[in-house]
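The values are calculated or read from the model by the stated rules, or taken from the named source; none is laboratory data. Small disclaimer: the values here were computed from a predicted structure and weren't measured. Cβ atoms come from the backbone with ideal geometry, glycine included; neighbour counts cover every protein chain shown.
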Amino acid sequence: MNLQKIEQKWQSKWRQNKVFQPGTGKGKKFFFTVPYPYTSGPLHVGHGRTYCVADFVARFKRKMGYNVLWPMAFHISGTPILAISERIKNKDKKYTKLFHDYVSLYESNKKKVDKIIKSFTKPQNVADYFASVISNDFNSIGLSIDWRMKFNTGEPIYNKFIEWQYEKLMKKKAITKGDHPVTYCVNCENAVGEDDIKDGDTDKVKINEFTAIKFKLDDEYLIGSSLRPETIYGITNLWVNPDETYIKAEYKDETLIMSAEAYDKAEYQLKGIKKISEFVGKELIGKHVDTPIGTNVAVLPGEFVDPDTASGIVYSVPAHAPLDYIGLKDLQGSEQKIKKYGLKAKEVKSIKPVTIIDIEGYDKAPAIKACKELGVKRLADKDLIEQATKKVYKDEYYKGVLNDKCGEFSGLRIKEIKDQVINKLKKDDKALTFYETTRKAECRCGGKVIIAVLNNQWFIDYTSKKWKKDAHGLLTSMRIYPEKYRKQFLDVLDWLEKRPCARRRGLGTHFPFDKQWMIESLSDSTIYMSFYTIAHLIRKHKVKPKQLTPELFDYVYLGKGGVKSLAKKTKVPVNVLKKMRESFTYWYPNDQRHTAPGHIGNHLIFFIMHHVLIFPKKHWPKAMTFNEFLTGREGVKMSKSRGNVIPLIDIPRKYSADLYRLYVTSSTEIDTQADWREKEVASVKNKLKSFYNLCMAASKAKPKKKLDYIDKWIVSRFYSRLKDAKKQGEEMEVRAYAVNIFFKFLNEVNYYRNRVSVKDYNSVLRTIIPKWIIALEPIIPHLCEEINEELGSKEFVSLKKYPKIKKSMIKPGIENYEKIIINLISDINEVVELVKKEPRKITLFISHDWKYELIKKVVKSKNKRDFKKLIKEVMKVKTVKEHGKEATRIIKSLVKDVSRIPKTIIEKSRELETIVQTKDYLEKEFGAKMEVIDAENSKEKKAGQAMPGKPGILIT
Ligand SMILES: [Zn+2]
């Protein structure tokens, strides 16, 4: 079996025969999409899992009679490809080596590799090169993609489509312009989104709004920042880090003091701010400042103050902030520190926490109570301090009331207060806003990510109530699988706000209302599925970009306007316009979008939002499904730095497409992360080989006409599994499907082989295999095509419909009695193991008659879990009652474990007959003589232990 050769052969046959290029208008359609890959490097086996699961869906749906379209395109928008190109142009060693390695995966000729790398100084060449290798990779794992609709997001025809979309958004008032805080890379000098930030899609970076309060020191102001400005009434002192650099800066005719790090950020937030001088923090220690609530407090040394969080100056509220409380205690207890900074010991020691928030049931200040409870003692207990802070914040937020120290705000609940305090402080010109990231973050370029307030920034404003309501309706009603992701979606929808949609640089589409901007890379990938439905027609009929006017898209997508006047205006022939409209209305909506859950917070929520806004309800998406990535290798996370990544190109070369497909679909459930394990892969390969060999051997046999008992059993098992697999396929239980119809059935086929002659085996399998390969084709299409051809079929198995489930072939009776034999074999094996000797003779005892009566009653009873009722019913049988004590014991054990109750009534005569029929086989299997005895005629202990369907076993 040369898997590689077989796979290449069928991939080229599929291509030549256009097997996966559906026409429009025939039958029930299924428009299936998976996000297009970003073409900045090679894909690896982890990405491949999503596409294999997707291919299962596409192929299974074809089997179910759907006319399936699965197109694919390439994403090149934004800055990543641009950055690669620039770095290679600048002869960045690391990048050049990295891309040299990438290209060497595909090219063996060193000169050619160098030539390709050289071409990468043009961004489009990077995009084109990886688009071409990725599409080869996809073909080489046998994906049933229709490539006619292929495009990339930098093409002029796509630009026209995006422009139309943005005009629609503008008309619907979804686009706004204004000053707004955004996550921003200081190196790229650009707003950055989750795609640009390191780990940004898994660990989101959001914006924190600090209130930066001004504390007067002579003619200058120290800027102390807090997320909880209402606590200003509990202030006891300021904290400044004595070892860090601080800056004096001029802003709106005032002198502000903040940390050097804060100043670097303030330049992006406070327009016109100007540096005056810099100095070390300790110069501020011991000074006194006026607070906005009319008090005067000392500036104290706080080595724990992070100069890189907000303004780098913190005002201390020890009654309500555990860190402040522990910091104050630390200082008060350190004579040495007090001396070092020339502080007055008496003053420092007299500082007491000021409680300003009352919580029912609290006898101490909340921060002190929380520190006691959690055992926080030192500044070094960082995690505990954080826990305490969270606890205090939560209790105060839900239960806290501001007390009489809070002036006009006393008596108000914390929940109600926040914005009022901020507004008052700002109105009195006593505070500014300072934005900070919710965590420290880095751009993919290595630059620091901060919050910048951009002027005249373009946004998509997702806050409209009506818009969110429509999206909510769609998300609650559409099919989402696995179901657990629905809640995640609804949460994302809740916090969705404004999002910058244009950048200064990048590939893609110019922002139509202001051409010096480019549309941001996630914002151009929201409704592109609709573009698939017409991309091939645009090319086929040579429609030029300038002919793709907004009116044309209005007609094609929304059915607006007259086709004749449109044809006149655009010079696109009427029949072409009509074809485009027909293709769109035939394929739309998108019946299923399959992807990874990491995209819910960006791509997918925009996919929902933009569809809801632009298209009529009938064209809204129908279903979304997800699988987790394959992330590990031999239990270790795959990563570039570890060098343990398996590129997708290695699959057809070093393994095999079908092997990979079978492995990734069967190893774990799709909502669980998977791992690549060489040993397991090898074991799957052996199974695949044995499957192929048995099919090949049977292909030459003549189908058996008259089936015996055991033949009927394997046929019945096949149809039972076929029936289950159909349900599993429809539910997208991909792993269950593969395990059921491949692995488990293969085991049964192996068992069956031991039960019959080679001739019978092959001739019965010959009748099963043509249907078996149809069911297996969504998983291992290449091998199935090869076997199908060997069987003499002229039709592609990829296009054959799922076999009819012949109910008459499913025989529960035969399956049940054969199950007795299968269990018997494993029971005998267990006993043999136990007695630790080769059996010479095996004696089987068929259970006493009264036990069959007992089991019959139990099987029929509706009270299987109710001991009292059950025993009353069963004891009505005379022969059972005669064995009262033992019968009671049996019933007790059956009620305890109802799985031991047979599914159907077992007839003693039939059990006996089945076992006697199998005697020869069992003797051969165990190399021992076998005797079958009716327990009624025996006094052996083992005879008494026998149960219906479970003979007693004696080994001698
Ligand atoms: Zn950057």
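Kindly state which helices (runs of 4 or more DSSP H) lie completely within segment 327-425 and contain at least 1 residues that are touching a residue at least 60 places away in the same chain (Cβ under 8 Å) and within 24 Å of Ala212 (Cβ to Cβ).
382-399
As a summary of the residue check, Gly361 satisfies the conditions (1) loosely packed, with under 13 Cβ neighbours inside 10 Å; (2) under 29 Å from Ile451 (Cα atoms) except for the one numbered (2).
Among the residues of segment 701-735, those that are basic (Lys, Arg), more than 21 Å from Pro812 (Cβ to Cβ) and touching a helix residue (DSSP H, G or I) at 6+ places or on another chain (Cβ under 8 Å) comprise Lys702, Lys704, Arg735. Select from segment 447-458 the residues that are part of a strand (DSSP E or B), within 9 Å of the ligand (Cβ to nearest atom) and in contact with a strand residue (DSSP E or B) (Cβ under 6 Å, 6 or more places away or on another chain) and list them in ascending order. Listed by number, the list holds a single entry, Val449. Inside segment 175-193, residues that are buried (at least 21 other Cβ atoms within 10 Å of the Cβ), of a type in the set (A, V, I, L, M, F, W, C) and within 10 Å of the ligand (Cβ to nearest atom) make up a count of 3. Restricting attention to segment 397-437, the residues that are modelled with pLDDT of 90 or more, among the charged types (D, E, K, R) and under 36 Å from the mean Cα position of the chain (by Cα) add up to 1. For beta carbons closer than 6 Å, sequence separation of 6+ or different chains, a first residue in segment 429-446 that is over 26 Å from Tyr95 (Cβ atoms) and more than 15 Å from the ligand (Cβ to nearest atom) and a second that is part of a strand (DSSP E or B) and among the aromatic types (Phe, Trp, Tyr), the qualifying pairs are Phe434/Phe210; Glu436/Phe210.
When Pro307 is tested against (1) modelled with pLDDT of 95 or more; (2) part of a loop (DSSP other than H, G, I, E, B); (3) over 40 Å from the mean Cα position of the chain (by Cα); (4) not aliphatic (A, V, I, L, M), only condition (3) is not met.
Within the set Thr585, Thr595, Thr570, the sole residue that is without any contact (Cβ under 8 Å) to a residue 60 or more places away in the chain, surrounded by fewer than 21 Cβ atoms within 10 Å (Cβ to Cβ) and out of contact with any Gly (no Cβ under 9 Å at 6 or more places or on another chain) turns out to be Thr570.
For segment 44-87, name all the residues that are within 16 Å of the ligand (Cβ to nearest atom), of a type in the set (A, V, I, L, M, F, W, C) and more than 25 Å from the chain's Cα centre (by Cα). Answer for segment 44-87, where residues must be within 16 Å of the ligand (Cβ to nearest atom), of a type in the set (A, V, I, L, M, F, W, C) and more than 25 Å from the chain's Cα centre (by Cα): Leu82, Ala83, Ile84. Condition test on Gly312, is it surrounded by fewer than 22 Cβ atoms within 10 Å (Cβ to Cβ) and assigned by TED's automatic domain parsing to the domain that holds Val376? No: the conditions fail for Gly312. Would a scan of segment 255-276 turn up a residue that is modelled with pLDDT of 95 or more, more than 30 Å from Asn456 (Cα to Cα) and hydroxyl-bearing (Ser, Thr, Tyr)? No, because not a single residue in segment 255-276 is modelled with pLDDT of 95 or more, more than 30 Å from Asn456 (Cα to Cα) and hydroxyl-bearing (Ser, Thr, Tyr). Mind listing just one residue for me: the one in segment 459-505 that is within 21 Å of Glu167 (Cα to Cα) and assigned to a strand (DSSP E or B) and, of those, nearest to the ligand (Cβ to nearest atom)? That would be Arg503. Against the criterion of being surrounded by fewer than 23 Cβ atoms within 10 Å (Cβ to Cβ), without any contact (Cβ under 8 Å) to a residue 40 or more places away in the chain and away from the ligand (no atom under 16 Å from the Cβ), Glu209 does not qualify. Between residues in segment 116-132 that are on the phi > 0 side of the Ramachandran plot and residues that are modelled with pLDDT of 95 or more and not in a helix (DSSP H, G or I), which pairs lie under 9 Å by C-beta distance while being six or more apart or on different chains? Qualifying pairs under 9 Å: none.
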